[in-house]
């Protein structure tokens, strides 16, 4: 576990952005009974945590800083982190809705993303990858290119890996489910048996 990932996981757990219930008593919007609930929106209320996330994103982008034209946030939870990152890098920022507005100008993209722009997409959480890849499609539809997707946390589902491989989009997260399990074990928050059960649950989701 990298130092950055360890700090991110520890902070998310401390502020209860990540909660674990091995009895799987959380229910996702999809109806899935889950042992984990991840609400990274809570990071907005903790300046130290959100600044660390921003710094983590900056570090992930060191090799391509000169290429970036726009930082784009996924509505809604990716928007604040995209804004803080864009401000830190002094780079234009936009955000992308899940679908075009039904009124006004009917925008799906708010802000300016032009043909030929190289864009970094910011999401808070990756599960199957479906929603963030819809954002990628919207950006590509205006002739821009997504050079990388960054997120705070990923469940590490096989579905998400396959989805990103299919569209050949590079993505990175600051922390993930496997690192979370290691953190919980190291801090005696779960037993070995509970860890095995959590990993089995994740792997069964595909």
Once the Cβ-Cβ distance between residue 158 and residue 41 is put in as r, and R0 is 25 Å, what FRET efficiency do you end up with, to the nearest 0.05?
0.45
Residue 24 versus residue 91: modelled label distance in nm, points set 7 Å from Cα along the beta carbon direction:
4.0
Based on other C-beta atoms within 10 Å, arrange 74, 38 from fewest to most.
38, 74
Two-site label geometry, residue 76 and residue 178: point separation in nm, points 7 Å out along Cα→Cβ
3.4
Least to most buried among 43, 168 (fewest other Cβ within 10 Å first):
168, 43
Sorted by Cβ density within 10 Å, fewest first, the residues 84, 201:
201, 84
How long is the gain from residue 140 to residue 185 if the chain were fully straight, where each residue apart is worth 0.36 nm and the alpha carbon distance is subtracted?
12.1 nm
Just checking my list (i) 18.5; (ii) 11.8; (iii) 13.0 against mean projected area of the Cα convex hull in nm² computed from this structure; which label fits?
(ii)
Quick check on the chain: helices-only [θ] at 222 nm, where DSSP H runs of length 4 and up contribute -39,500 (n - 2.57) each and the sum goes over total residues. Nearest 500, please.
-12500 deg cm²/dmol
Measuring from the longest principal axis of the C-alpha atoms of the chain, the long axis of helix 3-14 (C-alpha) lies at a number of degrees, nearest 10, equal to 70
Rough spin-label spacing in nm, given labels placed 7 Å along Cα→Cβ, for residue 199 and residue 166:
2.8
Of the range 133-158, those with amide N under 13 Å from the point 7 Å along the Cα→Cβ vector of residue 62 are none
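Each value in this text was obtained by applying a stated rule to the coordinates, not by laboratory testing. All values derive from a computational prediction rather than experimental measurement. Using ideal geometry, Cβ is built from the backbone for each residue, glycine included, and neighbour counts are taken over all protein chains shown.
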